[in-house]
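Structure, as C-alpha cells:
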Amino acid sequence: MAVSTHLRKLAAQLGMAAGAAACGASAYAADMVGGPAELQLNLQRPVTDIADQIFDLHTGMLIVCLLIFIAVFAAMFYSIFAHRKDKGHKAATFHESTTVEIAWTLIPMIIVIGMAGFATRTVIAMKDTSNADLTIKATGYQWKWGYDYIKGEGEGISFYSNLSTPRAQIEGKAERGVNYMLEVDNEVVVPVNKKIRILTTADDVIHAWMIPAFGVKQDAIPGFVRDTWFKSKETGIFRGQCAELCGKEHGFMPIVVHVMSDADYTKWVADKKKEIASKQEDPNKVWTQPDLAARGKTVYENNCAACHKSDGKGTPPAFPPLDGSKTVLGPMDNQVAVELNGRPGTAMAAMGKTLSDTDIAAVVTYTRGAWSNKAAVALVQPSDIKAARAWDAAKVTALVAKPQ
Amino acid sequence: MSAVLPGHAHDDHADAHGHDDHHHGPPAGFMRWVTTTNHKDIGTLYLWFSFAMFLTGGMLALTIRAELFKPGLQIVNPEFFNQLTTMHGIIMVFGAIMPAFVGFANWQIPLMIGAPDMAFARMNNWSFWLLVPAASLLIISFFVPGGATAAGWTMYAPLSSQMGIGQDLAIFALHIMGASSIMGSINIITTILNMRAPGMTLMKMPMFCWTWLITSYMLIAVMPVLAGAITMTLTDRHFGTSFFNAAGGGDPVMYQHIFWFFGHPEVYIMILPAFGIVSQIIPAFARKPLFGYASMVYATSSIAILSFIVWAHHMFTTGMPAAGQLFFMYATMLIAVPTGVKVFNWIATMWKGSMTFETPMLFAIGFIFVFTMGGFTGLILAVTPIDIQLQDTYYVVAHFHYVLVAGSLFAMFAGVYYWLPKWTGHMYDEFLGKLHFWCSVVFFNLTFFPMHFLGLAGMPRRIPDYAAQFADFNAVASIGAFCFGLSQLIFLAAVIKCVKGGPKAADKPWEGAEGLEWTVPSPAPYHTFETPPQVK
C-alpha cells in the first residue's frame, strides 16, 4: 500500500489528473486472499512445489536476462556517448571478425540451452499425473464451471460453480467487494498435501482452468479430456479464472479452490453429500404458480440475465427480448423445447443439460408471468419437463425451429 | 494524396511533364492511382493504405483501453469488447503491418537494386487494389447482424463456429489479403532474383532486400496454410464438415496446429523487413559499414528456417506430451541465438563509428533497445513451465506489443523518416520527428510495461472487466495508450508537412548513406534506372 500511495502522489505531481483519479478510484482495493494484491509486481505467492519451481525459474531467467541486457546496452550507450560525430569521433572502418562472430553465436547458444536444461525437470514433473489421491473433472461451460468428484474421498459429489459477484457491482451500481470478479457460489474443495488430479473437458468451446498460486493452467477442450495436477502445501482459498477466450462472458467465469485440512475435508464431504441428497427434489411435486415463479426469478438471474437482462429486454439482435417474446407468450411446448434443447443457429444454449426439471419449470413459469408478459398458460410442472425430455428428435426439431 | 506523387512534388502547377523530359509522366487525377503500374505510385498507395488501417486499428485499441481504464463495465458490452480485441488484431496484422512493409518493398527494392520497376507491374497494381475490398469487408462486418467476429484474431475453433456472418466476412477478407500477399511475394522474389543491376551479386545486395527476399519465401510457404485453416472453418460453419468439431470426429486442437504453423512464421514475416530497415539505417548514421554482412544474411535465414519448427510453443497449455513440450521449448530457445547475433551486429556497427542522431537513427536505436526487451520476454515465455503460468495473460500481451509495436512499427517509422527525402524531395521537420520519437518511446513504455506486472499477477487477456487489484496498472496503461495514440498525429503532421514542402533534399541527404537509391535525384523521378547502373 505504501508503494501505491507513493505512486498516487507521483501521478498527482506529474499533473496527471486522470491518472490520480483512476488510482483514487481503486484506493479501497485491499489485497485479495489467494488472488492478486494491489500493485503486485511479481507472480502470485506459490503454494505448490511446481509453482515454487516456476517462480524460481522465472526469477533465474529474469536475472540472467537483466545481466545480459545491462551488459549489451551498457556497450551501446557507451558507444552513443563516446562515438559521436559532434564530439569529433572519426569512424573506424573495421568490419567482420570470425572470432567475435563465433563467440557471440556459441556463448548465447550455451546460455539458452542451459536455461532450457534447468526447466526440463519441471516440464516432466508437471506432466506426471499418476498416483493421484483425488480426481476431479472440471467441465467448462459457457459460462460457468462444472465439477465432478470422480475418484477418491468425496467420489460422487457434483456441482456447478458460477460467478457470485452481483451484476450491480459489475455495472457500478454497488460498491465492489474485495474478491470482485474472482468469487463463486460453489468452491472446489480439496484436502491439503494430497495430489489432486484435475481432468479438464468442455461442453461447447475451449476454456482453460487456471490457478496461478498452484502453477496450473490447462485448456478444457470439447470432446477431449486433458489432465493436470497440483498438491497444495497450505490450506486456504486460491483463485483464478478462465484463461481461454470462450465468448461473451469469458471474463466472468472464475475458479476458486478451497484447500482444507483432512478432517475439515472429510466433514465437508459428508455435509455436501447430505446437501445434495436434500436437494434431490421430487420431480412429481405439484407447485403453485407464485412459489414456482419466485424460484424461477433466482434461476433466471443466475442463468439467463447475462444475455436476456434482468428486465427481459435482452441485447438484440443476438440476444432477443423475452418481454413480449412470441415464444414465451406462445404455446408452452415450444418454449419448453427451446429451453431444454437450445435454438439451432442462435446463441441460445441447451439449458436442459445443466438445469434440473424443477429449475426449468421454474424459469419457464417465471418468464411467462414476468414484466409485461401475461401468457395464457403460465404454469408448467416439473413432471411436464421430465416428460418433455423424452420427446423424440423430430418433435424437438419442429418445436425449436424459429417462428416465422 | 496527389501531392505525394513524385512528378508533382517539385512543381505545384501540377504539370508532371514539365521538368522531366526524359520520360512520360503519369496520367492526372484519380485514374492515375487506379491504373498505375509504377512501383513508386503503388508503394505510396500501400503506405497510405496501411497508415489508414493503423489509425483504424488504433481507434479500436483506444476503445479497449477506455473500457479497461477502471473495473466494471462502462463503455462497451462484453460481446462488443470481444469484437474490438479481435478486429484490432486482424486489422493491425493484416491491414497495417504487412501492407506497410510491402509499401517499403515497392518503393525501395527497385531503387536499391537498380531495377526500372517491379517484375510484374500489372500484378503489382492488382495485389494492392485487392486490399481495398478486403479491408472494406472487415469494416462492414461491424455493421452486419451479430457484428464483427469476436473469436479472437486467432479465430480458434469451435468458438469461430458460433459467430455470425461477421466471421465469414473476416474469412473472405483474409483469403483476399492472403492472395495479395502471395502475389506481392512472387513479384518481390522475381524482381530481386532477375532484375539486379549488373555486378550486384546476391551477397552485395542491400540488407533490406535480403530480408524481404527471405520474407517473401516465408509468405509463399505459410499464407496457403492460413487459407486452408480458415477454409476448413468456413466449411465447418456452413457445409456440415467436422474438421474441428469433436462431435463429428474432428479435433479443435488441429485448428491451432494449422493456424500456428502459419502464425509463427508470420511473426517473423512482420519483423524480418524491420531488421532490414534498421540494418540500412544504423551504418548510415554511424558512418561505418555493417559489421557482419554475411553473418546477418545467415542469421536471417536461420531465423526463417527455425520459425517453421516452433509453432506449438503457442499451445503449451493444450496438453501435448512432455516430449512435444521439450522439443518446442528447446527449438524456441534456439531462435534467440540468430536474433542475438543481429543485435550484437548492430551494436558492433555503432561501436567506434561517428554517430549523429537524426530521427531515423533515434527510431533505429529505440527499436534495438525496446525490441530487445520483447526478445527477452520471448525467451522467458519459451520456457514451458513459465509459459504455462503466463499463457493467455497480459504478460503475453506486453511481450508481443514490445515485438510488434516497438519492433515492426518503430522500424517503419525509422524507414519513413530515412527515405522521406528521397520520396518527396523535401527534408522533414527534424523537430517534429524527434518529438514524435520521444513521445512514442515514452508513452509506448507507459502503456505496455505495466502489462508485464498484470500478467505476472495473473490477469488474463481478452477480458472486459477485472479484479479491482488490477486497477492501478490498467489505469496507467490506458493513459499511456491515449498519449501514444495522440503522438501518432505528430507523425501524420510531419509527413504531410514534408510532402507539401520543406528544405530541398539533396540526392544523398544523409552523409553516411550508401546504396543506389541515393544516386538518383530527390524526389526520385517517376522512372528510374531505365538504363541499369553498373555496380562494382
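The values are calculated or read from the model by the stated rules, or taken from the named source; none is laboratory data. On a predicted model such as this, the values are computed, not experimentally measured, just so you know. Cβ coordinates were reconstructed from backbone atoms using ideal geometry, including for glycine residues, and neighbour counts include every protein chain displayed. We work out accessible area using only protein heavy atoms, side chains counted, and drop any ligands, DNA or RNA first. Shrake-Rupley method; radii C 1.70, N 1.55, O 1.52, S 1.80 Å.
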What's the center-to-center distance, using Cα atoms, between the stretch A:362-377 and the stretch B:94-109 in Å? 59 Å
Above-threshold pairs, the threshold being 27 Å between Cα atoms, out of A:151/A:279; B:497/B:536; A:274/A:353; A:194/A:274; B:434/B:504: B:497/B:536
Distribution of pairwise C-alpha distances over the stretch A:171-298, 10 Å bins, in %: 11, 29, 32, 23, 5, 0
Over chain A, what per residue volume does the convex hull of the Cα atoms give, in whole Å³? 236 Å³
Note: A vs B interface, total accessible area buried (1.4 Å probe; ligands, DNA, RNA excluded), nearest 100 Å², is 8600 Å²
Express the accessible area of the stretch A:257-404 per residue in Å², computed with a 1.4 Å probe while the remaining protein chains stay in the model. 51 Å²
Over the stretch B:448-502, volume per residue of the alpha carbon convex hull, in Å³: 90 Å³
Binning every alpha carbon pair distance of the stretch B:97-217 at 10 Å from zero, what are the percents per bin? 13, 36, 24, 17, 9, 1
Residue B:28 versus residue A:31: modelled label distance in nm, points set 7 Å from Cα along the beta carbon direction: 7.3 nm
Per principal axis, largest first, the Cα atoms of the stretch B:381-536 extend in Å by 63, 34, 24
Rounded to the nearest Å, what's the spacing between the alpha carbon centres of the stretch B:247-283 and the stretch B:116-186? Just the number, please. 17 Å
Report the far tail of the P(r) of the stretch A:201-250, meaning the percent of Cα-Cα pairs longer than 14 Å. 54 percent
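Cα convex hull of the protein assembly as shown: how many Å³ per residue? Could you put the intermediate results ahead of the total?
Numbers: hull volume 159.9 nm³, N = 940.
Each residue corresponds to 170 Å³ of Cα convex hull volume.
With a sphere of radius 13 Å drawn around the Cβ of residue A:211, what net charge do the other residues whose Cβ falls strictly inside it have (Lys, Arg +1; Asp, Glu -1)? All intermediate terms of the calculation are to be shown ahead of the outcome.
On the way: positive: A:45, A:217, A:231, A:239; negative: A:187, A:234.
Taking every other residue near residue A:211 into account, the sum is +2.
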Mean ellipticity per residue at 222 nm, deg cm²/dmol - from DSSP H runs of n ≥ 4 across chain B, formula -39500 (n - 2.57): -21500 deg cm²/dmol
Scalar couplings 3J(HN,Hα) for the stretch B:265-274 by Karplus 6.51 cos²θ - 1.76 cosθ + 1.60 (θ = phi - 60°), nearest whole Hz, x for Gly and Pro, are x, 4, 4, 7, 4, 7, 10, 4, x, 5
Taking a virtual spin label 7 Å from the Cα of residue B:165 along the C-beta vector, which residues in the stretch A:308-348 bring their backbone nitrogen under 20 Å of it? A:316-320, A:344-348
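Run lengths n ≥ 4 of DSSP H only: what is the helix-derived mean residue ellipticity at 222 nm for chain A, with -39500 (n - 2.57) per run over all residues, to the nearest 500? Please report the intermediate quantities before stating the final value.
Numbers: 13 runs with 168 residues, N = 404.
It comes out at -13000 deg cm²/dmol, rounded to the nearest 500.
What length, rounded to one decimal in nm, is gained on full extension from residue A:387 through to residue A:158, with 0.36 nm per residue of separation minus their alpha-carbon distance?
Working: separation 229, 0.36 × 229 = 82.44 nm, distance 2.40 nm.
Extra length available between residue A:387 and residue A:158 comes to 80.0 nm.
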Per residue of A:201-211, what is the mean number of Cβ atoms on other protein chains within 10 angstrom of that residue's Cβ? 4
What number comes out for the charge environment of residue A:341, summing +1 per Lys or Arg and -1 per Asp or Glu over other residues with Cβ under 11 Å away? +3
Longest principal axis of chain A (C-alpha) makes with the long axis of helix A:332-341 (C-alpha) an angle, in degrees to the nearest 10, of 30 degrees
J(HN,Hα) series, the stretch B:496-503, from Karplus relation 6.51 cos²θ - 1.76 cosθ + 1.60, nearest Hz, glycine and proline x: 4, 4, 6, 5, 6, x, x, x
Need one number: the % of Cα-Cα pairs in the stretch B:273-403 sitting beyond the 17 Å mark. 61 percent
Out of A:306, A:74, A:393, any idea which swings most in a Gaussian network model of chain A, alpha carbons joined below 10 Å? A:74
Reachable lysines from residue A:402, Cα under 17 Å, same-chain residues fewer than 8 places away excluded? A:326
Residues of the stretch A:16-170: accessible area per residue at 1.4 Å, in Å²? 49 Å²
Find out how many positive minus negative residues lie around residue B:299, taking Lys and Arg as positive, Asp and Glu as negative, among other residues whose Cβ is under 15 Å from that of residue B:299. -1
Net lengthening on full extension, residue A:274/residue A:129 (0.36 nm per residue, minus Cα-Cα): 49.2 nm
In degrees, nearest ten, helix A:289-303 long axis to first principal axis of chain A (Cα): 20 degrees
Heavy-atom accessible area per residue of the stretch B:88-218, all protein chains kept, 1.4 Å probe, expressed in Å², is 28 Å²
Bin by bin, in steps of 20 Å, what percent of the Cα pairs in chain B do you find, going until the bin that has the longest distance? 22, 57, 20, 1
List, in order, the whole-Hz ³J(HN,Hα) value for each residue of the stretch B:63-71 obtained from phi through the Karplus relation with A = 6.51, B = -1.76, C = 1.60 and θ = phi - 60°; use x for Gly and Pro. 5, 4, 5, 5, 5, 8, 4, 9, x
Quick check: at a probe of 1.4 Å, how many percent of the accessible area of the stretch B:102-200 sits on carbon and sulfur atoms? 73 percent
Grab the Cα-Cα distance for residue B:201 and residue B:493, subtract it from 0.36 nm times how many residues apart they are, and report the gain in nm with one decimal. 101.2 nm
Calculated FRET efficiency, residue A:266 and residue A:175, Cβ-Cβ r, R0 60 Å, to nearest 0.05? 0.95
With a ≥ b ≥ c the root eigenvalues of the C-alpha gyration tensor of the stretch A:246-366, is it rounded (a/c under 1.5), prolate (a/b larger than b/c) or oblate? oblate
